[in-house]
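Encoded as structure tokens, the structure appears first; notes follow it.
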Amino acid sequence: MSLPSSPPPGLCGACLNVKTVETRRGSRFYLCTLAERDPRFPRYPPLPVLRCRGFVPAGTAPEARTG
Ligand code: SF4
């Protein structure tokens, strides 16, 4: 099943700090987990995110996280 059209997530789509939330209606939201401890990051960043100082490529070891 394909999802309804939504903006591309940009960096959030490949970031270790993102948590995706899908609704029963098929909408997908990108929750920035850095927002829990750093107010500079919005909980739900406007997409697409093209530049972000908190970006950590997914697959990076957790020890390499910044913050
Ligand atoms: S740190 Fe930046 S790129 Fe990563 S999920 Fe948060 S807003 Fe998106």
The stretch 1-51, relative contact order [Cα under 8 Å, separation at least 6], %: 38
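In what sequence do 33, 23 fall when counting other Cβ within 10 Å, fewest first?
Numbers: 33 17, 23 8.
In order of increasing Cβ crowding within 10 Å: 23, 33.
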Inter-label distance, nm, simple model (7 Å from Cα along the C-beta direction), residue 53/residue 40: 0.3
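Taken together, the values in this text are just the output of simple stated rules run on the coordinates, not laboratory data. Everything numeric in this text was worked out from a predicted model, so none of it was measured. Ideal geometry is used to build each Cβ from the backbone, glycine not excepted, and the neighbour counts take in all protein chains shown.
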